1. Could you figure out which of (1) under 30 Å from Leu303 (Cβ atoms); (2) modelled with pLDDT under 95 isn't true of Glu108?
2. Evaluate the stretch 366-387: report whether one residue or more is among the small types (Gly, Ala, Ser) and in contact with a Phe, Trp or Tyr (Cβ under 6 Å, 6 or more places away or on another chain).
3. Find all pairs meeting these conditions: Cβ atoms under 6 angstrom apart; at least six residues apart or on different chains; first residue within the stretch 381-392 and farther than 10 Å from Ala351 by Cα; second residue modelled with pLDDT of 95 or more and of a type in the set (S, T, N, Q).
4. Restricting to the stretch 24-55, name every residue that is loosely packed, with under 15 Cβ neighbours inside 10 Å and over 17 Å from the mean Cα position of the chain (by Cα).
5. Filter the stretch 29-86 down to the residues that are of a type in the set (D, E, K, R) and either free of Cβ contacts under 8 Å to residues at least 60 places away in the same chain or touching a Phe, Trp or Tyr at 6+ places or on another chain (Cβ under 7 Å) (or both), then identify the one that is nearest to Ser361 (Cα to Cα).
6. Given the residues Leu218, Leu227, Leu210, Leu204, which is the only one that is surrounded by fewer than 21 Cβ atoms within 10 Å (Cβ to Cβ) and among the aliphatic types (A, V, I, L, M)?
7. Looking at the structure I just gave you, is Ile343 β-branched (Val, Ile, Thr) and either closer than 21 Å to Phe93 by Cβ or crowded, with 19+ Cβ neighbours inside 10 Å (or both)?
8. Just wondering, is there one or more residues in the stretch 185-195 that are of a type in the set (A, V, I, L, M, F, W, C) and either surrounded by fewer than 21 Cβ atoms within 10 Å (Cβ to Cβ) or within 17 Å of Ser125 (Cα to Cα) (or both)?
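The values are calculated or read from the model by the stated rules, or taken from the named source; none is laboratory data. Just so it is clear, the model here is predicted, and its values are computed rather than measured. Here the Cβ positions follow ideal geometry from the backbone for every residue, glycine too, while neighbour counts run over all protein chains shown.
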Amino acid sequence: MTAIAPVSTDALLPVYRRLPLEIVSGSGVRLTDAEGRSYLDFTSGIAVNALGYGDPGLVDVMRSAAEGLIHVSNLYSTAPGRTLADALVSKSFASNVFFCNSGAEANEATFKFARRWSRTTRDASAVEILALRGSFHGRLFGSLAATDRPAYRAPFRPLAPGISIVERDIDAIEGALLGGTVAAVIAEPVQGEGGVRVLAPEFLRALRQLTRAHGVALIFDEVQCGLGRTGTFFAYEQAGVEPDMLTLAKPLAGGLPMGAVLLSEEIAATIKPGDHATTFGGGPFVSSVANYVVERLSDPDLLDAVRSNGAWLGSQLTSMAQRLPSVRAARGIGYMWGFDVTIPAAQVVSAAMEAGLLVCSAGEHTVRLLPPLVATRDELAEGVAILEDILR
């Protein structure tokens, strides 16, 4: 297997190594390129297109929303944004919601909110944010400082101060909290970019207990693993714990830019007008679409299928790892899986594309699978068969 050279993108700034593939249309869980070739999509626009492509209800709600208000700014209130906030509050621990435009923005907002809360309820020295080894929280200055990818960080130092990375170990985290200078700990219940590593429920429960004991806020980043991808609406539900803040994005508005921060009543009570802002966040158009997406992704039948089919997918990948010397291990949950390979993951991504399957990577030697949540078991089996064929 040999990697395919990146496609020329002309005037586009080359911050992505794009594959030589121009996508022009999609239907269900399949995409079609400019040459008319079809691909089974196990990438979902990097976990965004949870409902696949051409979902009739999504198309209808977008058309209907486009006939109404598109944008009015957050100087005014609109019904779609209020309805969406109420829906997310009703399904979660939160009392309030802040809308923005991306996952990185949502994570940076939590850093500000954590410091505001900590300075209000504790003292001015409790400002540090701790992230975990293997984390990915975005590429803005604050979120990049909380992202454990040295190659991403090095060209842009100095990064935002007061943000550190600690080992995924309860004793190490407790040691970092002893000085009393930490405002919050941020963690992904499933580390996506960091190799699809599922944080054990007992680890998350211990982390919750530890942060409460030290008066530190706990933030869960569910930008990639939330909104049904693990088989429950929120990933944290499976650990039986609740954070103080939660970030969402990716599938929230069906492919339109939208992020959200869910806040506990205690933290929300310390945020004042002027503490944060967004021009576009939670506008009537994207909120109307997100209301439909949230309803679909919280459907019990859909979540049951993700759990059941996801467990089957995991068993197939684990079996493949046992049979093929090129596959070392498989990890994941629901419709979010990664498997380690002995060759560069980029080669597998390229070979899979040539065979009609779109996958992505999560590190140099980890292939990541993020099928649309509407993918059937037959479609999952088709993708697994393609992978096994190329990995032989």
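1. Glu108 satisfies all of (1) under 30 Å from Leu303 (Cβ atoms); (2) modelled with pLDDT under 95 except (2).
2. In the first step, residues of the stretch 366-387 are kept if they are among the small types (Gly, Ala, Ser); the result is 375, 381, 383, 385.
With the extra rule that they be in contact with a Phe, Trp or Tyr (Cβ under 6 Å, 6 or more places away or on another chain), the set shrinks to 383.
Yes: one or more hits.
3. Every condition considered, the pairs that remain are Val384/Gln316.
4. Restricting attention to the stretch 24-55, the residues satisfying the condition of being loosely packed, with under 15 Cβ neighbours inside 10 Å are 24-25, 27, 34-38, 46, 54.
Answer for the stretch 24-55, where residues must be loosely packed, with under 15 Cβ neighbours inside 10 Å and over 17 Å from the mean Cα position of the chain (by Cα): Val24, Ser25, Ser27, Ala34, Glu35, Gly36, Arg37, Ser38, Gly54.
5. At the first step, the residues of the stretch 29-86 found to be of a type in the set (D, E, K, R) are 30, 33, 35, 37, 41, 55, 60, 63, 67, 82, 86.
Within this subset, residues satisfying the condition of being either free of Cβ contacts under 8 Å to residues at least 60 places away in the same chain or touching a Phe, Trp or Tyr at 6+ places or on another chain (Cβ under 7 Å) (or both) are 30, 33, 35, 60, 63, 67, 82, 86.
Numbers: Arg30: 19, Asp33: 21, Glu35: 25, Asp60: 33, Arg63: 34, Glu67: 39, Arg82: 37, Asp86: 36 Å.
Among them, the one singled out is Arg30.
6. Unique residue meeting the criteria: Leu210.
7. Details: β-branched (Val, Ile, Thr): yes; either closer than 21 Å to Phe93 by Cβ or crowded, with 19+ Cβ neighbours inside 10 Å (or both): no.
Criteria not met by Ile343.
8. Filtering the stretch 185-195 for residues of a type in the set (A, V, I, L, M, F, W, C) gives 185-187, 190.
Adding the requirement that they be either surrounded by fewer than 21 Cβ atoms within 10 Å (Cβ to Cβ) or within 17 Å of Ser125 (Cα to Cα) (or both) leaves 185.
Within the stretch 185-195, one or more residues are of a type in the set (A, V, I, L, M, F, W, C) and either surrounded by fewer than 21 Cβ atoms within 10 Å (Cβ to Cβ) or within 17 Å of Ser125 (Cα to Cα) (or both).
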